[in-house]
1. If you take the charge dipole of region 1-131 about its Cα centre, with +1 on Lys and Arg Cβ and -1 on Asp and Glu Cβ, which of GLY20, GLY47, ALA3 is farthest toward its positive end?
2. Once amide H atoms are placed 1.01 Å from N in the peptide plane, what residues at a sequence separation of 5 or more from ALA227, or on another chain, have their amide H within under 5 Å of its amide H?
3. Using the heavy atoms of the protein chains and a 1.4 angstrom probe, tell me the accessible area per residue for the chain in square angstrom.
4. Using 0.36 nm per residue of separation minus the Cα-Cα distance, give me the extension gain between TYR46 and VAL113 in nm, one decimal.
5. What nm distance separates the two modelled labels at ARG269 and MET1, each placed 7 Å from Cα along Cα→Cβ?
6. Return the equivalent ellipsoid semi-axes of region 71-155 as a descending list in whole Å, where each equals the square root of 5 times an eigenvalue of the C-alpha gyration tensor.
7. Return the sequence-ordered ³J(HN,Hα) values of region 225-236 in whole Hz as given by the Karplus equation 6.51 cos²θ - 1.76 cosθ + 1.60 applied to θ = phi - 60°, using x for Gly and Pro.
8. Which order do CYS314, CYS157 take when ranked by solvent-accessible area (1.4 Å probe, heavy atoms of all protein chains), largest first?
Amino acid sequence: MKAFACESLLKELIGLPTPGTNEDAGQKLVRRRLAAVCDRVETDIYGDVLGVVNGKAPTRVLLAAHVDEIGLMVSQVDAQGFVQVNLLGGSRPDALVGQRMHIHTAKGPVLGVIGRKPGEAPKEEIKTADLYLDIGAASRAEAEKLVRPGDTVTCTCGFDRLGGDRVAGRGLDDRAGVAAVVRAMEIIRRERRRLKVAVFALSNVQEEGGRFRGAAVSAFQVMPQAALAVDVCYARDYPKMETRLSGDCKLSGGPTLSLSLTVNRAVNRMLEAAAKAKKIPLQYAVEPTSTGTDGDAIASVGPGVATGVVSIPCRYVHSPSEVISLADLDQTAELIAEFVLRMPAKPDFKPI
Ligand SMILES: [Zn+2]
């Protein structure tokens, strides 16, 4: 099988749980990887990890991707010992029925399955309150020895290669973005003599279902003049996906730039020039009002940050088996590295 530069880091990240409030395992790995290529690495009270290269240059560029993945949170244990849950981020109840799940407890992972009634598929929608975990406990007391309210839950399914350059994984949104940012920093390190700006690589928490707090407080800390939010976007190349409003983003078609109120036009022009120089194909996602990414929060920090949103096309977003192309992922890393490396010491992001 063809090898891809981002694959081993992505595989390692997908093997670790990073649900909101419990991202530490993934962040420790990211901190280690960034420490190898950055001048310094910082963390903050939320658990954000920030790697800095050439920090004293007057122009500061932030590259942000969120490490937190969607999941569930334990709410209570019922009288029969079944574990009840609430949604953590944008999990879809219908996608979870029948899945094997890990409850991340203080003493380590506890395995459970999401149960369902036998017989035909229900005609009505499956709601959050219909979900429960069967961990094999015979009573409430037995279950309560193992799990506590607030424990986070993720699917057990991990990283698998599909055909061609495609991979399936849980929480590729947005550990794929984190892998792209770390890989970009490795490229930037290698070509450091070209670098005229300060670069801040951020693996932030609290994107899913939150208020973009991880990205917002980190952007406040850095006060960058420019930023890229690196995330996944909806691929629209499979059955029942609508393309008329947003465009027809495809897997293996290259990184995707957002066209949105969030995005600075000069940043998109610079990304297009970087793509041309590296012969990287680009796609576009039309999302006029906002992008639904950390970019929306970063753009409004301080006097305003010239922001771009670069995305890896992804099928089945927020399901246990998201699918991306590793070629798109490697090209995303190359694109954001080249964007930073060609940036002049004093770029002009003003439209007029
Ligand atoms: Zn995301």
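The values are calculated or read from the model by the stated rules, or taken from the named source; none is laboratory data. Computed from a predicted model, the values in this text were never measured in an experiment. Please note: Cβ atoms are built from the backbone with ideal geometry, for glycine as well, and neighbour counts cover all protein chains shown. Surface accessibility is based on the protein's heavy atoms, side chains included, excluding ligands, DNA and RNA. Shrake-Rupley method; radii C 1.70, N 1.55, O 1.52, S 1.80 Å.
1. The Cα lying farthest towards the positive end belongs to ALA3.
2. Amide H to amide H, under 5 Å and 5 or more residues apart or across chains, ALA227 pairs with LEU62, ALA306, THR307, GLY308.
3. Each residue of the chain exposes 46 Å² on average to a 1.4 Å probe.
4. 21.1 nm
5. 4.2 nm
6. Each semi-axis is the square root of five times an eigenvalue, giving 21, 15, 10 Å.
7. With coefficients 6.51, -1.76 and 1.60, one gets 7, 9, 8, 10, 8, 10, 9, 9, 10, 6, 5, 10 Hz.
8. My answer, sorted largest first, is CYS157, CYS314.
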